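Written out below as structure tokens is the structure these notes cover.
The values are calculated or read from the model by the stated rules, or taken from the named source; none is laboratory data. Bear in mind the structure is a predicted one, so any value in this text is a computation, not a measurement. Quick reminder, even Gly has a Cβ in these numbers, built from the backbone with ideal geometry, and neighbours come from all protein chains shown. Quick note on the areas: whole protein, heavy atoms, side chains included, nothing else; ligands and nucleic acids left out. Shrake-Rupley method; radii C 1.70, N 1.55, O 1.52, S 1.80 Å.
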Amino acid sequence: MVIGKERTATSLGLMSILVRFREVGILFFTVLLIIVVSILSPVFLTAHNFRDILLNISILVIVGLAQMMVIITRGIDLSVGSMIGLVAMMVAFTVVAFPGMNPLFALLLGIALGAALGSLNGAIIAWGKVPPIIATLGTLSIYRGLVFLYSRGDWINSFEMPMGFRQLSKGTPLVIPNLILFAAAVAILVFLFLRYTQTGRDIYAVGSNPQAATVAGIRVDQVIFIVYVISGILCGMAGVLWASRFESAQTNTALGFELQTVAGPVVGGVNIFGGSGTVIGVVLGSFLLGTINNALTIVKISPFWQLAVQGLLILLAVIVDSAILRRLQTATKQGNR
Amino acid sequence: MLKDTKFHLIALLAVLVLLLAGCQAAATPTEEAATEPPAAETEDVTEAPMTEEPVATEEAAGDIVIALVPKNLGNPYFDTANNGAQEAAAELGIEVQYQGSSTADATEQIQLLNSLIAQEVDGLAISANDADALVPTGQDAMAQGIPVVTWDSAIAPEGRDVHINQATAEGIARVQIEMAHRLADGEGQIAILSATSTAPNQNEWIGFMEEILQEPDYQGLELVDTVYGDDEDEKSYNEALGLMTTYPDLEVIIAPTTVGIAASARAVQDQGRIGEVLVTGLGTPNQMREYVKSGAAPEFALWNPGDLGYLAVYTIYHMVQGDITGAPGDEFDAGKLGNYTILDDGTILLGAPTVFDADNIDDFDF
Amino acid sequence: MNQLQPLVSLDGISKAFGGVQALKGVHFEIYPGEVHALLGENGAGKSTLIKIITGVHQPDQGEILLDGKPVRLADPRQARSSAIAAIYQEPNLFPDLDIAENIFVGRQPKQGKRVDWQEMYREASKLVHSLGLNLDVKTKARSLSVAQQQMVEIARALSLNARVLIMDEPTSSLTLSEVAELFTIVRHLRETGTAIVFISHRLDEIFQIADRVTTLRDGIYVDTRMVADVTREDLVQMMVGRTLSSLFPKHDVHAGDTVLEVEHLAGEGIFNDISFELKAGEILGIYGLIGAGRTEIARALFGIEPATGGRIKINGREVSIKSPQDAMDLGVGFVPEDRQMHGLILQMPIAQNITLPILQHFVSGFWLDRNKESSTAHDLVRRLRVKTAGVWQLARELSGGNQQKVVLSKWLGTNPRILILDEPTRGIDVGSKSEVHQLLSQLASEGIAIIMISSELPEILGMSDRILVIREGGLGGEFAQAEATQEKLMHAVTTIRPA
Amino acid sequence: MAATHSETRSARHSRRVSLRNILVRWELLLVVLITVVTLINIQQSPFFLKPVNLSRAARDFMELGIMMLPMTYIIIALATVDLSVASIMGMCASFMGLLFMNGVDIWIAVAAALALGVAAGAMNGFLVAHVKLPALVVTLATYAFYRGMAYAMLGDEAARGYPESFTYLGQGFIGDGRIIPFSLILFLALALIFGVVLHTTTFGRYLYAIGNNEQAARYSGVPVDRVKMILFVLSGFMSALAGLVLAARFGSTRPDIGLGLELTVITATVLGGISISGGTGTMIGAILSLLLIGLVRFGMGLMNLQGQVQDIVIGLLLIISVLLPSIGRMLSRRGALSNLNVSQVLQVTLFVIAMALFVAFFLWSRSLL
């Protein structure tokens, strides 16, 4: 009457393969969608259209990667939309006042401003021990209010912006528009950071088991602080690119954008309970969202259905995610009695 | 527990006083720096006379305060209207406060109007974000003896005294169809890129455009789609991209909104399809100068929003002074624009829209 | 084992938790290259001693010497940096990370600033294979069995070149072959000079693996003997050596009719084939080791985790208990093992805790009648002599003993016919302990059927009319009160079950 | 009927609350803040105290108040939030508008909208209570899905022309003189019911029990999953009701009705002393916080500081109301100041410098145009 059943790693293999290769599932679903839509309207399957999709999701990928790192540490950053809006406005003001400024310097300025905004989030959450949802809910309305206070309601319109700044996101030195190159660069940088730096690995450890991480000597508060600073940096960068691409900075720039930056990673397999998430997942999740929105327009489904489809998709991803997780946990619990 | 709360009792109190003082400071300096004071101080408002009956009695001009409320702040179109309004205010010696919400959203506009009614301003000149949602607020103001004039975008008749139309809706629709007809030289696919799906003036113009397209000499034009840019630059830009992708042989995009027309022209330029796809609609000269020169938007029409603001102030001034009550047939003098009569449908017509193109665009600056 | 200098030595260690003296003047030495077993009943102070060595707690008195030098272990990190590592019964790994990262978390091998994955995988595989584990180091920890997770923790301890490895009840949830595997690793570690502290109840395992054995009883150091020159009976005697004082109230048993019948009860592969009967007015003691499945049986009877097999009959009628409400409707009450987590709501006042299960009695019209609530709570508090400033005092402000009395009065309020208690007197002062015992025997004499789960031999022998032994999730024997002795019970639970 | 909840009484039998305990309450803090805000506003603008102005301003906050009531329950019992309340409001109001525009009698449409609200809440409840998903994620998904359904229903049209009997819900006044709005009375009645249920009934006691220790509550026979389901159904129903009141106030419905209101509802609830970690908070605190937010927003409106600037103050109040107690706890617990090590001090100074630089750049660059 042996109690602890013999449970080797292999028989649990199927489950862990499913979890590790969840990105394969998303890729499969996206390809399927592309095939279906291309049949419905051939216009969809053109390089030109895919360039538009990539352009549309570039900023979503950049900020989605920031949101992924926050979610891995079991947090959430609802203030990303407002940070983008504030940095876009401040950089636009500066660029209009100094037309000769080199656009890359404007990008650096945006990153510095974003870092400051992110570090305020980090301080409130990591040092002040305020729950992330409350802290970033607060800074969401504070930063959005600052955009209005800063510009006293004025917009920066495209004809006021110097050509150099506008080209920052549009120029195509290597055939591909800069915006897509920036997104690709950020994706690679984040991949290298998460895989090859100590802090990067610590982020996963903190998210997977915070208590054990403390005992293992990781300074959990510092890791959480850094994650929100990085989120600020990427939002700062996104703000500059947003102003450059749409050639405008308004008081409602990127209003409500935070939802998409959570949808992308969640759809891409980032575990909402923290601890796991990959760069590829975020890119594929965002690409899937971008493809769906693009497909809905081309297939002439009324734009009013897009939000409903997005909501359904997040719900589906979350249910599948937790079902896998629960089946895995019961499997191991059985195993160890 | 006691120590805890004592701690945050003092700190919270201190912070709140700091905040309110801070906001005070934020409110006052804006007055000097910005040209038009979006957040004017209320202290110096002398005790505005509370007009009991709806018809205001004769008042000393000096202490009349009118509120000019655009759909949202920052939009160059409304900024130009405000310049006209301030010009009229100077001539009439009254004060016009230019107050708007940051987003083109009815709920925010209602809260703003409620606080203006509470401040017992003498008159309201509103460009409405939602024709029906603002009716109760308009009725509330009128019940308080505050005349309500709408301009550019109307509140439904039961919620306003009189509405100033930049031109007849039909006239505005017709001039845009004519331009599209010219640009598509007679036939081809055209599409409309509007503002918010709830904007009353947009929907009215689109309705007329669809009727005019039935007329014989416009049979060649085929309206394939209507999309909404929500008066947001990036959304309009994306919608324009969507149109060009979904309809490869689209010839003309009509955008009856200053934000939409600029975004569409830029989208055409970025896609390198100048000449293939042409953009027209309603836009301001300053904003469209670059695209008229580049050929992305050879022609567009508009009325001078400055005149619209100017006329709105004169109309509301006469209402406040009791010269007119907003009933059809009333006549009044509108300064540099001459005099106007209220038409039988309770609206005032500014005049026919002017068409801007490469050769006349340089002699306009707004 | 023949070096003169002990690696870690503890002298005159005492520690008390809110009036309960967990350790009194304990002496303990660990030599490199030795497996030193630590033996004692539940609550003898073993885990407190381990917590002191691993820096989780600090001793009230006494000194810790590391390589002969006094040292103060302020927190677990400091203990770890002085090469002391511990493995607990429930491994505490990073489920989302793979084995290699679990071993090197927080200090991955690097090439310059860059984490060197190949190096990490190589090192990890070397460590894992040296422990005789044929596992791919890229597997995620969440998909490993408990035994494998323990191996990973040992590998991590080795990678920290721990010189002292403490193993707290490591074998309680392992299969026979897994235990054998573990012991080969322990022997290998011993050869390499690691000092190993091995805690287990299973005397056979101690004879199999340990060199020396130290026994604790009620927080006092009993003796340290070489395993070679000590017998099983000696160990049992050292563990339970106290004379059975008659501190337990005698009550005349007049068992009524059978109230509860349990046939072949099974639960989620944790326990199975449990059958017993319970009569009104009878106290049935359930004795067993940690992890034997006793708590799971109680939770099945109370509907927290419904049983997956077998039948339950109450007053002869078969019933299905799917939730605590079902159990309470059938007159079953349950005093849980973890007072603070499951027994009480600490942030709420005593009165509200007591009335929570029976709120419907206090509804007058639409809302609750506060006065009736107060008076009911007040009566129960007085009956159980709970020392409190008032029924509206918060539960967290009470001592352990008084908190347990509040939990008891909570369940008395539901006047149950069957009362299940899981370790009712663990961690409370001696005074409250005897008051609880008085109460239990009085309840029994009033006709309530009582199931008392306990791992304290004197309590089981003193209080129960009949004793059930649970071992590894199965029945290990049933003894009437007259024939049961400490030795028999200890023997029943500590022999390795038949192969 | 000031049945304040957390019985920290020391008197043996009495439930009378000793003065000391009143003094330390969060509610007192709100009362002080309200008086301070009122004094400042009176000094700032003569129109503040006019009853007709106050009543008009009050009407703008009644929907927020109605949605705050169930949110209080959810935070107390589950220590989490329902992000989909504003979307349920939008969906149900649009559904009522859609039915009404297609000739359905207004009161049948109202009933259908309330039923839809209950169904939406039930879906949230099922996913949280039975499928055991975190409420935050479920309601984030339904936030998008329900709002999407509102747009799918009405698209770009607007439902309008509601009969006077219906618009009375949002615009009507009790008695003459446009002083006491009907929606205020409706809200106060609902608040009274929610307050009585929370503080005096079994269900209310269950909420506090689950909020403080869900496991111990489950072990005491509290039907935890059933309570969770009821909470989300209640939240759906009240959100639908708030949607109808808002539609009545506007006299029309568009799919974007109430967009973004959930953030204000959560702010108002947490500001009312209802701690996000669950288990504490009173209905009086929530109502006082609604009053405070209303006065702050109305006062700033009179000072011509519009919507988004007001958001700054509300956002600051939200963070401070959670940050200060947590700093207070940290300072009192382990005398944190004594063992701050060098690197932490360095980090804090770096952070302060970064903030100072940001503010300097903010003010400087702002004046460039």
Notebook entry, point to check: Which condition does C:M452 not pass, out of (1) in a strand (DSSP E or B); (2) open to solvent by 10 Å² or more (accessible area, probe 1.4 Å), if it passes all the others?
Noted result: (2)
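From the list C:V71, C:V115, C:V128, which residue is within 8 Å of chain A (Cβ to nearest Cβ) and more than 27 Å from A:R326 (Cα to Cα)? Show your work before the answer.
Working: C:V71 fails: within 8 Å of chain A (Cβ to nearest Cβ); C:V128 fails: within 8 Å of chain A (Cβ to nearest Cβ).
After applying the criteria, what remains is C:V115.
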Next item on the list: Any chance you could count how many residues in region D:306-336 are in contact with a Gly (Cβ under 9 Å, 6 or more places away or on another chain) and not in a helix (DSSP H, G or I)?
Entry: 1
Check: Just for region D:174-225: of the residues that are part of a helix (DSSP H, G or I) and among the acidic types (D, E), which one is surrounded by the fewest Cβ atoms within 10 Å (Cβ to Cβ)?
Finding: D:D225
Checklist line | Output for region D:147-157, where each listed residue is closer than 19 Å to D:A240 by Cβ and more than 7 Å from chain A (Cβ to nearest Cβ) | finding: D:A150, D:M153, D:L154
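Which fully enclosed helices (runs of 4 or more DSSP H) of region B:67-183 have 2 or more residues being closer than 28 Å to A:S151 by Cβ? Show your work before the answer.
Numbers: elements: B:76-92, B:106-118, B:135-143, B:169-183.
Hits in region B:67-183: B:76-92, B:106-118.
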Check: Looking at region C:131-143, which of the residues that are surrounded by 23 or more Cβ atoms within 10 Å (Cβ to Cβ) and modelled with pLDDT under 85 is nearest to the other protein chains (Cβ to nearest Cβ)?
Finding: C:S143
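Residue-wise test of (1) hydroxyl-bearing (S, T, Y); (2) surrounded by 19 or more Cβ atoms within 10 Å (Cβ to Cβ).
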position: B:T246; (1), (2): yes, yes
position: B:M288; (1), (2): no, yes
position: B:F332; (1), (2): no, no
position: B:K336; (1), (2): no, no
Margin query: From the list B:G275, B:G260, B:G242, exactly one residue is open to solvent by 50 Å² or more (accessible area, probe 1.4 Å) and either within 25 Å of A:F50 (Cα to Cα) or modelled with pLDDT under 85 (or both). Which is it?
Written below: B:G275
Next item on the list: Within region A:131-181, work out how many residues are open to solvent by 10 Å² or more (accessible area, probe 1.4 Å), closer than 19 Å to B:V268 by Cα, at the interface with another protein chain (Cβ under 10 Å from one of its Cβ atoms) and outside any helix (DSSP H, G or I).
Entry: 1
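Look at C:L412 and say whether it is in contact with a helix residue (DSSP H, G or I) (Cβ under 9 Å, 6 or more places away or on another chain), open to solvent by 10 Å² or more (accessible area, probe 1.4 Å) and within 14 Å of chain D (Cβ to nearest Cβ).
Numbers: in contact with a helix residue (DSSP H, G or I) (Cβ under 9 Å, 6 or more places away or on another chain): yes; open to solvent by 10 Å² or more (accessible area, probe 1.4 Å): yes; within 14 Å of chain D (Cβ to nearest Cβ): yes.
Against the criterion (in contact with a helix residue (DSSP H, G or I) (Cβ under 9 Å, 6 or more places away or on another chain), open to solvent by 10 Å² or more (accessible area, probe 1.4 Å) and within 14 Å of chain D (Cβ to nearest Cβ)), C:L412 qualifies.
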Next item on the list: Quickly run through region C:388-401 and pick out the residues that are away from chain D (no Cβ under 13 Å) and open to solvent by 10 Å² or more (accessible area, probe 1.4 Å).
Entry: C:L398, C:S399, C:G400
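What about D:T139, is it touching a residue at least 12 places away in the same chain (Cβ under 8 Å), under 19 Å from D:F232 (Cβ atoms) and of a type in the set (S, T, Y)?
On the way: touching a residue at least 12 places away in the same chain (Cβ under 8 Å): yes; under 19 Å from D:F232 (Cβ atoms): yes; of a type in the set (S, T, Y): yes.
So D:T139 passes the test.
Which is in contact with an Asp or Glu (Cβ under 7 Å, 6 or more places away or on another chain), over 18 Å from B:A184 (Cβ atoms) and not aromatic (F, W, Y), of B:G329, B:G346, B:G351, B:G335? Let's see the steps before the verdict.
Working: B:G329 fails: in contact with an Asp or Glu (Cβ under 7 Å, 6 or more places away or on another chain); B:G346 fails: in contact with an Asp or Glu (Cβ under 7 Å, 6 or more places away or on another chain); B:G351 fails: in contact with an Asp or Glu (Cβ under 7 Å, 6 or more places away or on another chain).
Criteria check complete, one pass: B:G335.
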Checklist line | Condition broken by C:G303, with the remaining ones in (1) touching a Leu at 6+ places or on another chain (Cβ under 7 Å); (2) on the phi > 0 side of the Ramachandran plot; (3) of a type outside the set (D, E, K, R); (4) open to solvent by less than 30 Å² (accessible area, probe 1.4 Å) satisfied | finding: (1)
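For residues in region C:313-350 being open to solvent by 70 Å² or more (accessible area, probe 1.4 Å) and outside any strand (DSSP E or B), which is farthest from the other protein chains (Cβ to nearest Cβ)? Even if it seems obvious, please write down each step before you answer.
At the first step, the residues of region C:313-350 found to be open to solvent by 70 Å² or more (accessible area, probe 1.4 Å) are C:315, C:317-318, C:320, C:322, C:329, C:337, C:340-341, C:347.
Next, only the ones that are outside any strand (DSSP E or B) stay: C:315, C:320, C:322, C:329, C:337, C:340-341, C:347.
Values: C:N315: 20, C:S320: 16, C:K322: 12, C:D329: 9, C:E337: 11, C:Q340: 9, C:M341: 6, C:Q347: 5 Å.
Among those that are open to solvent by 70 Å² or more (accessible area, probe 1.4 Å) and outside any strand (DSSP E or B), it is C:N315.
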Next item on the list: With the checklist (1) under 14 Å from the mean Cα position of the chain (by Cα); (2) farther than 26 Å from D:S55 by Cα; (3) among the hydroxyl-bearing types (S, T, Y) in hand, flag the one item D:S343 doesn't pass.
Entry: (1)
Notebook entry, point to check: Among the residues of region A:281-306 satisfying the criterion of being in contact with a Phe, Trp or Tyr (Cβ under 8 Å, 6 or more places away or on another chain) and open to solvent by 50 Å² or more (accessible area, probe 1.4 Å), which is modelled with the lowest pLDDT?
Noted result: A:P303
Check: Counting just the residues of region B:290-301 that are under 18 Å from B:H181 (Cβ atoms) and open to solvent by less than 10 Å² (accessible area, probe 1.4 Å), which one comes out nearest to the other protein chains (Cβ to nearest Cβ)?
Finding: B:A297
Checklist line | Enumerated helices (runs of 4 or more DSSP H) restricted to region D:37-131, each holding at least 3 residues that are modelled with pLDDT of 95 or more | finding: D:62-78, D:85-101, D:106-125
Notebook entry, point to check: Just wondering, is there one or more residues in region C:66-85 that are open to solvent by less than 40 Å² (accessible area, probe 1.4 Å), touching a helix residue (DSSP H, G or I) at 6+ places or on another chain (Cβ under 7 Å), within 20 Å of C:R163 (Cα to Cα) and modelled with pLDDT of 85 or more?
Noted result: yes
Next item on the list: Enumerate the helices (runs of 4 or more DSSP H) found wholly within region C:1-108, keeping only those where 1 or more residues are among the β-branched types (V, I, T).
Entry: C:46-53, C:99-104
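Could you tell me which of the residues B:G260, B:G281 is closer than 28 Å to B:S101 by Cα, assigned to a strand (DSSP E or B), more than 9 Å from every other protein chain (Cβ to nearest Cβ) and under 23 Å from the mean Cα position of the chain (by Cα)?
Working: B:G260 fails: assigned to a strand (DSSP E or B).
Just a single option satisfies the conditions, and that option is B:G281.
D:L133: open to solvent by less than 10 Å² (accessible area, probe 1.4 Å), free of Cβ contacts under 8 Å to residues at least 12 places away in the same chain and within 11 Å of another protein chain (Cβ to nearest Cβ), yes or no? Give the derivation first.
Values: open to solvent by less than 10 Å² (accessible area, probe 1.4 Å): yes; free of Cβ contacts under 8 Å to residues at least 12 places away in the same chain: yes; within 11 Å of another protein chain (Cβ to nearest Cβ): yes.
Against the criterion (open to solvent by less than 10 Å² (accessible area, probe 1.4 Å), free of Cβ contacts under 8 Å to residues at least 12 places away in the same chain and within 11 Å of another protein chain (Cβ to nearest Cβ)), D:L133 qualifies.
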Next item on the list: State yes or no: is D:G285 touching a residue at least 12 places away in the same chain (Cβ under 8 Å), facing another protein chain (nearest Cβ under 8 Å) and either touching a Leu at 6+ places or on another chain (Cβ under 9 Å) or part of a loop (DSSP other than H, G, I, E, B) (or both)?
Entry: no
Note to self: If I ask for residues that are more than 24 Å from the chain's Cα centre (by Cα), crowded, with 20+ Cβ neighbours inside 10 Å and not β-branched (V, I, T), which ones from region C:164-194 would you list?
What the structure shows: C:L189
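Residues that are in a strand (DSSP E or B), among the hydrophobic types (A, V, I, L, M, F, W, C) and surrounded by 20 or more Cβ atoms within 10 Å (Cβ to Cβ): does region C:426-446 have at least one? Before the answer, list the steps.
Initial filter on region C:426-446 (in a strand (DSSP E or B)): none.
No: zero hits.
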Next item on the list: Return the only residue of D:R160, D:R205, D:R218 being within 29 Å of B:G159 (Cβ to Cβ) and at the interface with another protein chain (Cβ under 7 Å from one of its Cβ atoms).
Entry: D:R160
